[in-house]
Amino acid sequence: MNVKTPRLYAAALLALVTALVAACGSSTTPPASAGGSSSAATPATLKVELDWVPNPDHVALYYAQNKGIFSGNKLTVNFLTPSNAADPIKLVGLNKVDLAISYESEMYYGQQENLPVTAVATIVPVPLNSLIVTAKDHVTSLSQMEGKKVGITGIPSDGAIYTTFVKTAGLEPSQVSNVSVGFNLVPSLLSGKVDGIIGGYRNVEAIQIAQESGQKPTVFPASALGVPSYAELVLVANRNRLASDKAYADAVRRFVKSLVAGTNAARKDPSGATQIMEQVSQYKVAFLQRSVPYTLTLLAPPAGQKTGCINEASWQSFGDWMKQNKLIKVTPNAALISTDKYMPYSC
C-alpha cells in the first residue's frame, strides 16, 4: 500500500543517472510513422516511460488505452516502468524512448542540464504534494501549525516547500520544527512522531492515512502553502526530434489528442476508470476506490483553461520560485521547455 510515488526529488539523482544512461549505448527508438489526420495517418508505435509504477495519477493514460482511444488514432502505445524517477526525462532526451511522464519541476532540472526536451501537455494540472496534518490536532489554518513538528523527506524541494509554508503562515522556523523522516512519511504521522508531513500526495498518502487511522487528515496542497501552482505530471517529448522528424511530431500530436480525450472521458466515468486501474495497478482495491475518483476531480483544468493546456505564465512563476529557493542555478525560461503546439485545439 505504501508505494511511494516519486516527488520533486528526482533531480537529486540526475547527475548519477547521466553517467548510467549514457553507458547504455546510443541507439534510439525507431521514428514513429508519418501521417496527417488521425483517419489518414500511418500507424505508429510509441514507447512511453512512466514516472513510476502505474498508479491513480496515470488514470487518463490507461483509460485511453483500455477504451481504444490510442488505437483509434492509429497508435500502439507501450507503457514502460522506470528504474528510478530520474530516468524518464533523460531517456526522452537521449531518444531511448519516444515520450515520458515526468514533473514540471523536472523540466527545469532538465533545462539546467541542457536536455533537448519539452513538455507538450499537462497530465495532472495541479500540485499533489501537500502538507498533511493529523486529524487529532484540528488544524484549519497554517498559523495553527505553531508548536507543531513536521516530517520531511530530506529532499531539497520538500525543504523549500517547508520554508515557504512557514513564511506564508507568518511564523518563524523556530515555531514549526521539522525532522527528516526519509520516506517513512505515513508511519511517522500515524505513530505520532510528527504532527504533519510534507512530501505526501493528497490523492495518495492523505487517503492512505485516512483509511489506516479512520480519521481524515487536514490537507494543504503546495499551492496553499505559498508555492506557485504547478502541474504535478506532464507529458514530455524530444524537442529536437519534434523539429526534425515530421512522423514523430504527428504521432506526438495524435498522442496528445488521445490523452485529452481519455482525460475528459475518464472524468465522466469514475467507476469505469477505477475498474481499469484495478487491473493495471498494484495498489489495493480499497485504496483505488477512493483515490481514483478523487484524482479524476483534480484532472479538471484550472478555470479559464482547457484540458492538457500549459499556462506559460504559471510555469514561469514556478520556475522563478525554484531559482529563488536555490533548487536550480540557471535562470528558468518556461517558453523553452513547454509548448501548446501539439494540442488538438488552441489554448
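The values are calculated or read from the model by the stated rules, or taken from the named source; none is laboratory data. From a predicted model like this one, the values you see are computed outputs, not experimental measurements. No Cβ is skipped: glycine too gets one built from the backbone with ideal geometry, and neighbour counts run over all protein chains shown. Quick note on the areas: whole protein, heavy atoms, side chains included, nothing else; ligands and nucleic acids left out. Shrake-Rupley method; radii C 1.70, N 1.55, O 1.52, S 1.80 Å.
What whole-number distance in Å separates the alpha-carbon centres of segment 91-142 and segment 61-80? Using only Cα atoms to place each centre, the spacing works out to 23 Å.
The listed residues Glu172, Glu106, Glu278, once ranked by accessible area (1.4 Å probe) with the largest placed first, stand as Glu172, Glu278, Glu106.
Summing Lys and Arg as +1 and Asp and Glu as -1 over all other residues whose Cβ lies under 14 Å from the Cβ of Ala243 gives a net charge of +3. Note on Glu146/Asn240: beta-carbon distance plugged into 1/(1 + (r/R0)^6) with R0 of 51 Å gives a FRET efficiency of 0.50. When you restrict to C-alpha pairs under 8 Å that are six or more residues apart and normalise by the size of the chain, the relative contact order lands at 25 percent.
The slack between Thr42 and Lys284, meaning 0.36 nm per residue of separation minus the straight C-alpha distance, is 83.2 nm. Using a probe of 1.4 Å on the protein chains alone, the accessible area found for Thr76 is around 70 Å². Under the criterion of Cα pairs below 8 Å and six or more residues apart, the relative contact order for segment 150-298 equals 20 percent. Rounded to the nearest 5, the antiparallel percentage of DSSP beta bridges internal to the chain is 55%. Using the Cβ of Asn264 as centre and a radius below 14 Å, the other residues enclosed give a net charge of +4, where K and R count +1 and D and E count -1.
Surface calculation, 1.4 Å probe, protein heavy atoms: Trp315 sits at approximately 10 Å² accessible. Computed over the chain, the per-residue total of -39500 (n - 2.57) for DSSP H runs of n ≥ 4 gives a 222 nm mean residue ellipticity of -11500 deg cm²/dmol, rounded to 500.
Spin-label model, Lys268 to Glu312: label points 7 Å out along the Cα-to-beta-carbon direction sit 3.2 nm apart. Computed over neighbours whose Cβ is under 9 Å from that of Asp137, the net charge equals +1, Lys and Arg +1, Asp and Glu -1. Extension gain, Asn325 to Leu80, is 84.9 nm, computed as 0.36 nm per intervening residue step minus the present C-alpha separation. Using the Cβ-Cβ distance between Thr297 and Ala224 with R0 set to 22 Å, the FRET efficiency works out to roughly 0.85. Each Lys and Arg adds +1 at its Cβ and each Asp and Glu adds -1 at its Cβ; summed about the Cα centre, segment 219-347 shows a dipole of about 180 debye.
Along segment 273-282 the Karplus relation, 6.51 cos²θ - 1.76 cosθ + 1.60 evaluated at θ = phi - 60°, assigns HN-Hα couplings of 5, 5, 4, 5, 5, 5, 7, 10, 9, 8 Hz to successive residues, with x for each Gly and Pro. For segment 218-347, the relative contact order comes to 26 percent (Cα pairs under 8 Å, sequence separation of at least 6). Each Lys and Arg contributes +1 and each Asp and Glu -1, all at the Cβ; summed about the Cα centre of segment 74-227, the dipole is approximately 200 debye. Taking mean projected area of the Cα convex hull in nm² straight from the coordinates, which label in (1) 16.4; (2) 21.4; (3) 18.1 is the correct one? Only one option fits the structure, namely (1).
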